[in-house]
1. So which residues in the stretch A:140-183 are outside any helix (DSSP H, G or I), of a type in the set (D, E, K, R) and either more than 23 Å from A:Ala352 (Cα to Cα) or within 14 Å of another protein chain (Cβ to nearest Cβ) (or both)?
2. Going through the stretch A:123-140 one residue at a time, which ones are surrounded by fewer than 24 Cβ atoms within 10 Å (Cβ to Cβ), touching a Ser or Thr at 6+ places or on another chain (Cβ under 7 Å) and over 16 Å from A:Phe58 (Cα atoms)?
3. Test of understanding: among A:Val8, A:Val110, which residue is touching a helix residue (DSSP H, G or I) at 6+ places or on another chain (Cβ under 7 Å), surrounded by 19 or more Cβ atoms within 10 Å (Cβ to Cβ) and closer than 20 Å to A:Val327 by Cβ?
4. Which is under 30 Å from B:Pro53 (Cα atoms), in a loop (DSSP other than H, G, I, E, B) and under 20 Å from the mean Cα position of the chain (by Cα), of A:Met252, A:Met244?
5. Of these, A:Ser246, A:Ser192, A:Ser209, which one is free of Cβ contacts under 8 Å to residues at least 40 places away in the same chain and buried (at least 20 other Cβ atoms within 10 Å of the Cβ)?
6. Just the residues that are open to solvent by 70 Å² or more (accessible area, probe 1.4 Å) and more than 9 Å from chain A (Cβ to nearest Cβ), please, taken from the stretch B:142-155.
7. Within the set of pairs 6+ apart or on separate chains, which have a first residue in the stretch B:138-166 that is closer than 16 Å to A:Arg148 by Cβ, a second that is at pLDDT below 95, and C-beta atoms under 6 Å apart?
8. Of the residues in the stretch B:76-92, how many are within 7 Å of another protein chain (Cβ to nearest Cβ) and without any contact (Cβ under 8 Å) to a residue 40 or more places away in the chain?
Amino acid sequence: MAELCGIVGIGQTKHDSKRIDVSMAGLLREAAERALEDAELTWRDIDAVVIGKAPDLFEGVMMPELFLADALGGAYKPMLRVHTAGSVGGSTGIVAASLIQAGIHDRVLVAAFEKQSESNAMWALSIPMPFSVAVVAGAGGFFAPLVRGYMRRSGAPEDTGIRVAVKDRENALKNPYAHLHMEDISFDLVASSPMLWDPIRYLETCPSSDGACAMVLSSESLAAKAPTRPAWVHSTAMRSEPTMFSGRDQVMPQGILDNAEALYKKAGITNPRKEIDCAEMYVPFSWFEPMWCEGMLFAEPNEGWKMTYEGATAMDGDLPINMSGGVLSSNPIGASGLLRFAEAALQVRGQAGDHQVEGAKKALGHAYGGGSQYFSTWIVGSEKP
Amino acid sequence: MSEEKEPVEVLRTPVELDYTYSAGVSASRFLRAVEQGKLLGQRCPVDGRVYFPSRGSCPQHGVPIEGEPVELSDRGTIVTFSVNRVPSENIDLELPYAAIQVLLDGADTTLFHVLGECSIDDVRMGMRVEAVWRPRDEWTISMQNIRYFKPSGEPDAPFESYQEHI
Ligand SMILES: [Zn+2]
């Protein structure tokens, strides 16, 4: 029987297009100190540090576990780095939780960050390969053809993605940490924004953000001393698969379906749509909301768009998604997965402020990365599992 | 006391790195073939599917791909695409362009390339295309030997014939 893992401290930075007021270390400190403050703990109370960041080429920083050890209080403590492309924030949280669940440490600080302003993600995501011709520009260039594939096979109305983009930006207005606060967000504004990677419009894509997120995870006995009710980890799952193989379903990869099944089984959940109160999912391009609603088994194949269309995923729907504004409103890539996990924990602790889902007891945090080939998810609850 | 100066906010520190890539047996065969204007794939021994370019192992089954190479046609079907209007310094194409995923006839995997001689308003899933090669004296060990794909004029392929490759 594994130890229980409680989330006792949560912190994040204000996300913005350029946080040149702080260094990378300073950015992480801002999030980590908020997490410690929330837990009423000090650096001395931390046994180990787990850090995650985006792929090395994005920022030219290859060894954050070395470069940032001092800033994160890692000196003379176990410190390790996790790397699973865009899903890294999620898997970093899962690795940290595993250290508690395995009984190896009692309190672990988990932190993830990205300073997109110091990087050129478009360049890093468009590296020429010896076998192919360089035509894929950035993440949008890779995912746009898959979105087109989803639209074709599901027959979803063409404005589904616009509706997701409007909803998430409206939610972001309630989140003081969100990068984008678009007071004038509207259907027409998104619809009339230029096509960047047809069929993906400018306002259907995530911004480039600087930001960080941190959490303090604790064993059951120490969590009992926490000043605020902990969120409890009910279940975690990770899956990966090759980027390419013949017959691979790139739109709905086997990896996410297997991940969902394993996650729900561990959590004892048989009807996820009903039993989960809200979900924070990795939606960097608006169409991935309906796609991942299917991937996480909230909807039947090719019917995820109906959840968006019928308002089920809105704040007042039966399964609110991306209450924080999601990746569409803040995208410090390395931190984005951990931010999803943190929002799920905030919700079940009742700490989500103006974007709180009333009475949320079980919440899903979800991240994906690479060519839709890494998946990291957790379910957290207000009660012990 | 010296006068307070503006903070130093951002420094640029360029780093350069050229990679050396060991192609290996299978990729070497593919590259030598493309140098001669031939497109070589290879079959996975488990399910018989043809991988293009030929590669040392099957990513799905984790087994060596060792069988005889399969020469493929330079015609195929666009299984999906996007129209790109975003500049990238690594991509030497005029915007906007259609980035297409092509299923070559005889292959069971798709490749990324660019569509030419076609208005971006006309590109569609299922469109049949053929390779337009660069002049022979410009050929190197690169897929750049194909300048682009252009519409072949054949009737569109039905969705069912290629949907599993999206
Ligand atoms: Zn195989």
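1. A:Glu158, A:Asp159
2. Result: A:Ala134, single match.
3. Just a single option satisfies the conditions, and that option is A:Val110.
4. A:Met252
5. A:Ser246
6. B:Arg147, B:Gly153, B:Pro155
7. What qualifies is B:Glu164/A:Gly247.
8. Counting residues in the stretch B:76-92 that are within 7 Å of another protein chain (Cβ to nearest Cβ) and without any contact (Cβ under 8 Å) to a residue 40 or more places away in the chain gives 8.
The values are calculated or read from the model by the stated rules, or taken from the named source; none is laboratory data. Computed from a predicted model, the values in this text were never measured in an experiment. Neighbour counts run over all protein chains shown; Cβ positions are idealised from the backbone, glycine included. Quick note on the areas: whole protein, heavy atoms, side chains included, nothing else; ligands and nucleic acids left out. Shrake-Rupley method; radii C 1.70, N 1.55, O 1.52, S 1.80 Å.
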